[in-house]
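Participant: Let me give you the structure first, and then I'll get to my questions.
The values are calculated or read from the model by the stated rules, or taken from the named source; none is laboratory data. Note that this is a predicted model, so its numbers are computed, not measured. As a convention, Cβ positions derive from the backbone with ideal geometry for all residues, glycine included, and neighbour counts pool all protein chains shown. Please note that ligands, DNA and RNA were not included when accessible areas were found on the heavy atoms of the full protein model with its side chains. Shrake-Rupley method; radii C 1.70, N 1.55, O 1.52, S 1.80 Å.
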Amino acid sequence: MKRALVRYRNSAFGKSVIRNQKYGPIIFFMGGFIFDTLTLGHIDRVYDTVVLCSHMTLLSLTLYLFNLSDDGKWENTFIGRYSDYFPLAIQFFFGALSSAFVIYFFRSVSLSKTMVFFILLVLLLFTNEFLKKKISNKYLQFSVYFFISFTFFTFMVPTLIKEMNTFIFIISGLISLACTLALILFIYTSSPSTRAEISLTKLISTILAIYIAINGFYYFNLIPPVPLAMETGMVAYDVQKKNNTYIVTYERDEWYIFWRTHNINFHRQADESVYVFTSVFAPTDIKKSIFHRWQWYNPETGSWEITEDIGFEVTGGRGRGFRGYTYKNNLTEGKWKVHIITEEELLLGVVDFVVINTPKSYKRGMVKKSF
């Protein structure tokens, strides 16, 4: 093995790698991101579960090996010869896991208050590129690890036990906290250099502060209700169900409006109903009640008024999401929005539109699409 390593370092490829090693962190960062982008799909797939669990396990193992390498524990061993690459491995797993969560959260997040937590994940994903010089800072190292661990368990526990609610979220957080503290204590008791470098009280206080902050995000509904994810949401003129297929009639938006398919200006005659159609992905065997919360903007008070909550139960397992719709008659002209929420009032998405009264039936840009 040692001879092979020497041959590698003396080869043209090896010399090129050594010469450009300053780009290593970026390459490993992008490698983790691209790998997950190309391979991950739904959280309940066996492949996704295996990949995420493998990443989390290998990250924990690498953190342990890295923190004990300064004590000379791996000197003159196979592990010791590759200890210089531990920071890159840690960065790869940080990048792979955070990018996976960005992918899953992007499917769940709406452009509303839940975007705050999504932005934190994106920032973590991109700041990972600059962790190379800071990765030896154990306070930063374990803080990032705990944040990723907490997110990991809030995805995996509901998926594995086929149930999600506030109690399950709390249990997921406690499991993450226990695993992180156990890893910290194990490394602390095994590594004299770690004991000399950190204050255990300060590190645990930092972890607890992050734990309280994430629970605060959940309490104020700033975290999307993963692993649920809204696949489709649109305002429509008609929804018909035929042979387990939903046929949705809606007005197509202008060609340059690439971020949505339907026109938010709903041209309505006095007797026409207004439909909101959604499809919500849920992992296999999860059953969850969701609601369409219809709201109208009152220009006189300058506030949104809730007119009605209409609910139905989502059953998981369909790759393109569980389909459902609600409708209302006699809507007041003006701005409307429908929040798609869980029974805990966690936000899945928002469908907003403007009702415009017209004297005759509106035909322009109408299309029918099957779901």
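Participant: Going through the stretch 68-86 one residue at a time, which ones are closer than 14 Å to LEU58 by Cβ and open to solvent by less than 30 Å² (accessible area, probe 1.4 Å)?
Facilitator: PHE86
Participant: What's the total number of residues in the stretch 315-371 that are of a type in the set (D, E, K, R) and either under 15 Å from THR278 (Cβ atoms) or in contact with a Leu (Cβ under 9 Å, 6 or more places away or on another chain) (or both)?
Facilitator: Total meeting the criteria: 7.
Participant: Let me ask you something else. Determine, yes or no, whether ASN243 is touching a residue at least 60 places away in the same chain (Cβ under 8 Å) and among the polar types (S, T, N, Q).
Facilitator: No; evaluated as a whole, the condition is false for this residue.
Participant: In the stretch 339-354, what count of residues is obtained for those that are among the hydrophobic types (A, V, I, L, M, F, W, C) and under 15 Å from TYR237 (Cα atoms)?
Facilitator: Selection size over the stretch 339-354: 3.
Participant: Oh, and also: With out of contact with any strand residue (DSSP E or B) (no Cβ under 8 Å at 6 or more places or on another chain) and farther than 30 Å from VAL46 by Cβ as the only criterion, which of GLY311, GLY302 stands out?
Facilitator: GLY302
Participant: Among the residues of the stretch 232-253, how many are modelled with pLDDT of 90 or more and not in a strand (DSSP E or B)?
Facilitator: Of the residues in that region, 1 qualify.
Participant: May I pose another question? Quick one: in the stretch 241-282, which of the residues that are more than 24 Å from GLY334 (Cα to Cα) and polar (S, T, N, Q) is surrounded by the most Cβ atoms within 10 Å (Cβ to Cβ)?
Facilitator: Selected residue: SER279.
Participant: So, one more: All but one of (1) outside any helix (DSSP H, G or I); (2) at pLDDT below 70 hold for GLY72; which doesn't?
Facilitator: Failing condition for GLY72: (2).
Participant: Those residues that are more than 14 Å from GLY233 (Cβ to Cβ) and more than 21 Å from the chain's Cα centre (by Cα), I need them from the stretch 275-297; list them, please.
Facilitator: GLN295, TRP296, TYR297 - these are the residues of the stretch 275-297 that are more than 14 Å from GLY233 (Cβ to Cβ) and more than 21 Å from the chain's Cα centre (by Cα).
Participant: Please count how many residues of the stretch 189-207 are within 31 Å of the chain's Cα centre (by Cα) and open to solvent by less than 70 Å² (accessible area, probe 1.4 Å).
Facilitator: The total comes to 6.
Participant: Ok, one more. Return yes or no: is ARG293 open to solvent by 20 Å² or more (accessible area, probe 1.4 Å) and within 30 Å of GLY173 (Cα to Cα)?
Facilitator: yes
Participant: Still on this structure, please answer the following. Answer yes if at least one residue in the stretch 349-363 is in contact with a Lys or Arg (Cβ under 9 Å, 6 or more places away or on another chain), β-branched (Val, Ile, Thr) and farther than 22 Å from TYR250 by Cα, and no otherwise.
Facilitator: no
Participant: Additional query: Of all the residues that make up the stretch 223-240, how many are open to solvent by 40 Å² or more (accessible area, probe 1.4 Å) and among the polar types (S, T, N, Q)?
Facilitator: Residues in the stretch 223-240 being open to solvent by 40 Å² or more (accessible area, probe 1.4 Å) and among the polar types (S, T, N, Q): 1 in total.
Participant: Can I ask one more? Within the stretch 271-302, how many residues turn out to be in a loop (DSSP other than H, G, I, E, B) and under 19 Å from THR154 (Cα atoms)?
Facilitator: 5
One line per residue, one yes/no per condition, for (1) assigned to a loop (DSSP other than H, G, I, E, B); (2) modelled with pLDDT of 85 or more; (3) open to solvent by less than 30 Å² (accessible area, probe 1.4 Å):
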| site | (1), (2), (3) |
| --- | --- |
| ILE135 | yes, no, yes |
| TYR139 | no, yes, no |
| PHE142 | no, yes, yes |
| ILE148 | no, yes, yes |
| ILE171 | no, yes, no |
| LEU183 | no, yes, yes |
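Participant: Kindly indicate the residue of the stretch 208-222 that is assigned to a helix (DSSP H, G or I) and either surrounded by 14 or more Cβ atoms within 10 Å (Cβ to Cβ) or in contact with a Ser or Thr (Cβ under 6 Å, 6 or more places away or on another chain) (or both) and also modelled with the highest pLDDT among those meeting that condition.
Facilitator: The selected residue is TYR211.
Participant: Could you tell me which of the residues GLU313, GLU305, GLU344 is under 21 Å from LYS162 (Cα atoms), open to solvent by 40 Å² or more (accessible area, probe 1.4 Å), out of contact with any Asp or Glu (no Cβ under 7 Å at 6 or more places or on another chain) and not in a loop (DSSP other than H, G, I, E, B)?
Facilitator: Just one listed residue meets the conditions, GLU313.
Participant: Kindly indicate which of LYS202, LYS162, LYS138 is closer than 17 Å to PHE93 by Cβ and charged (D, E, K, R).
Facilitator: After ruling out the rest, the residue left standing is LYS138.
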